[in-house]
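Some notes on the structure that comes next.
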Amino acid sequence: MAENKKKVEAITSMDVDFAQWYTDVVKKAELIDYTSVKGCMVIKPAGYAIWELIQKQLDDRFKETGVENVYLPMFIPESLLQKEKDHVEGFAPEVAWVTHGGLNPLQERLCVRPTSETLFCDFYKNDIQSYRDLPKVYNQWCSVVRWEKETRPFLRSREFLWQEGHTAHATAEDAEARTIQMLNVYADFCEQVLAIPVIKGRKTDKEKFAGAEATYTIEALMHDGKALQSGTSHNFGDGFAKAFGIQFTDKDNTLKYVHQTSWGMTTRLIGAIIMVHGDDNGLVLPPKVAPTQVMIVPIMQKKEGVLEKAAELKTRLASFGNGIRVKVDDSDKSPGWKFSEQEMRGIPLRVEIGPKDIEAGKCIICRRDNGEKVEVALDALEETVASLLEQIQVDMLERARTHRDEHTYVATSMEELSEILDTKPGFVKAMWCGNQDCEDSIKEKYSATSRCMPFEQEQISDVCVCCGKPAKKMVYWGRAY
RNA sequence: CGGGAUGUGGCUCAGGUGGUAGAGCGCUACUUUAGGGAAGUAGAGGCCGCAAGUUCAAGUCUUGUCAUUCCGACCA
């Protein structure tokens with residue numbers, strides 16, 4: 001489509017260099033700035049506003065399922081972190097330590113939370129006494145620190161924002177149900193709000209969370225064919241409860257261990273939005289997470305009546321229905337500049353209004369996602385904008401789904417797997433015997449990992465793609481961020 | 001943590017064999033412009049990432065260090 005051709009030199013074309021394209025978009029859309037601490041970024045207003053919309057809509061969905069928000073400290077005493085063996089082994093290599101208070105060394109060093117399972121366990125230990133205290137369905141919005149070696153904005157930073165839900169239940173069944181329930185909340189949120197289709201499934205033992213009995217995941221496919229783990233939900237069984245001594249007295253007057261879950265989503269989602277929807281002109285935001293959904297660009301704004309008309313249209317849109325997030329760009333840049341600027345920022349709709357339009361009682365509306373321009377009578381502005389925003393949300397999901405499906409392949413042999421991974425970036429569906437040796441082998445040879453064992457299984461063949469032994473599961477494989 | 005690239009005004013970069021700092025864009029003011037990154041005039045802005053060293057003299061040479069970025073291994 002001609003309208004969607006690259007218009008801005010400031011952004012490297014994604015076909016030339018996807019990584020550079022990503023960095024350019026992040027900078028040009030003014031989502032972040034780098035800071036003097038490696039891997040720590042300033043999230044600028046344009047980026048933070050997206051996060052606020054994600055937070056709000058995700059939090060609403062949580063609350064509908066009975067989640068309550070809490071806040072726990074950011075420091076974890078070393079002894080507490082040590083209590084669950086697998087957990088500490090998983091996180092120890094990447095935690096940051098606080099060793100001094102003021103000038104004096106601390107008696108016990110504190111780690112800056114990389115995740116808060118241990119803190120929640122320490123808290124639940126005393127907070128839960130009876131079956132009447134269950135379930136606990138708590139969540140916190142906070143930042144966590146993981147001392148990553150290689151960092152990238154949103155995808156892998158040393159400090160990132162997230163939510164972490166931590167629940168405790170009386171039975172294994174309740175815990176499993178909550179784990180799946182939250183995965184479904186995540187999947188629905190990604191598709192309906194972020195317009196990102198995801199594959200729901202279970203992680204293999206190799207890929208599961210440190211200390212979990214089972215990890216469930218939603219996996220999304222980026223525009224370059226690489227996978228991105230977009231949210232995880234873990235069932236801990238009673239492993240943590242036993243390590244931390246979280247017991248309750250059940251109805252039958254016996255002491256039992258609780259069963260726990262945790263689940264999280266992070267600012268990485270913003271990276272996913274960029275890499276799923278973005279194009280060579282910059283960011284493309286789904287309307288539901290666009291801080292500004294409509295930008296009105298006055299043409300020849302110094303002519304009498306133009307700015308007034310633009311302001312009137314803004315008021316009309318802002319008060320329509322539940323309110324459309326709309327702004328007027330009345331800066332003294334040229335219209336062409338404004339067009340490019342708003343495209344880089346991903347604003348879903350642009351309304352152009354100039355003297356000719358005012359005279360004719362119309363305006364021009366341009367869609368960011370596909371570049372289509374339409375003339376609209378001013379009388380029909382609100383209805384048209386509202387329905388276009390809905391349509392964009394739907395079209396973006398559909399486009400992303402088509403892209404993902406077109407980049408999902410099937411392999412029944414190592415030769416096929418190898419050829420697909422080398423020539424056609426995307427998901428590869430292949431059978432697996434359940435043995436970690438095969439996973440390791442595929443990773444070593446093709447640097448592809450098992451993304452998940454999808455809930456929707458298909459019987460592609462009877463034998464493992466790697467070793468030829470009887471297959472147990474169909475697995476999505478791919479190279480991942 | 002391994003390999004490569006790069007650090008010079010806000011941004012992108014130029015500064016052979018060492019000799020005391022440049023451009024374009026942006027920014028500020030005014031004027032003219034205006035339907036896909038407009039133009040003129042006049043301004044402001046830099047201990048050349050940081051630290052040692054060599055030298056009469058270092059943006060330039062040496063060593064170290066920090067950061068950014070890309071490619072791998074590890075993770076959301």
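The values are calculated or read from the model by the stated rules, or taken from the named source; none is laboratory data. Since this is a predicted model, take the numbers as computed values, not measurements. Virtual Cβ from ideal backbone geometry, glycine too; neighbours counted across all protein chains shown.
Give just the number: which of (1) within 15 Å of RNA strand B (Cβ to nearest atom); (2) assigned to a strand (DSSP E or B) does A:V26 not satisfy?
(2)
Testing A:E415 on (1) surrounded by 14 or more Cβ atoms within 10 Å (Cβ to Cβ); (2) away from RNA strand B (no atom under 16 Å from the Cβ); (3) not in a loop (DSSP other than H, G, I, E, B); (4) not assigned by TED's automatic domain parsing to the domain that holds A:R325, one condition comes back false. Which one is that?
So A:E415 meets the others, but not (1).
State whether one or more residues within segment A:58-68 are near RNA strand B (Cβ under 9 Å from one of its atoms) and in a helix (DSSP H, G or I).
No, that holds for no residue.
Looking at segment A:31-51 only, could you name the residues that are within 13 Å of the chain's Cα centre (by Cα) and farther than 17 Å from A:R156 by Cα?
The answer is A:I50, and nothing else.
Output the qualifying pairs, or none if there are none: Cβ atoms under 7 angstrom, residues six or more apart or on different chains, first residue in segment A:234-245 and farther than 17 Å from A:P135 by Cβ, second residue assigned to a strand (DSSP E or B).
So the pair list comes out as A:K242/A:Y257.
What is the number of the single condition among (1) crowded, with 16+ Cβ neighbours inside 10 Å; (2) over 30 Å from A:V26 (Cα atoms) that A:I50 does not meet?
(2)
Might you check whether a residue that is within 22 Å of A:A377 (Cβ to Cβ), surrounded by fewer than 20 Cβ atoms within 10 Å (Cβ to Cβ) and within 8 Å of RNA strand B (Cβ to nearest atom) occurs anywhere in segment A:319-333?
Within segment A:319-333 (the criterion being within 22 Å of A:A377 (Cβ to Cβ), surrounded by fewer than 20 Cβ atoms within 10 Å (Cβ to Cβ) and within 8 Å of RNA strand B (Cβ to nearest atom)), the answer is no, since none of the residues qualifies.
Would a scan of segment A:234-242 turn up a residue that is at pLDDT 95 or above and within 17 Å of the chain's Cα centre (by Cα)?
yes
Got a sec? Which strands (runs of 3 or more DSSP E) wholly within segment A:343-411 have at least 1 residues that are more than 30 Å from A:M275 (Cβ to Cβ) and within 14 Å of RNA strand B (Cβ to nearest atom)?
Once the strands (runs of 3 or more DSSP E) in segment A:343-411 are filtered for at least 1 residues that are more than 30 Å from A:M275 (Cβ to Cβ) and within 14 Å of RNA strand B (Cβ to nearest atom), what remains is A:349-353, A:362-367, A:373-377.
For A:K327, state whether it is touching a residue at least 24 places away in the same chain (Cβ under 8 Å), in contact with a Ser or Thr (Cβ under 8 Å, 6 or more places away or on another chain) and not in a loop (DSSP other than H, G, I, E, B).
yes
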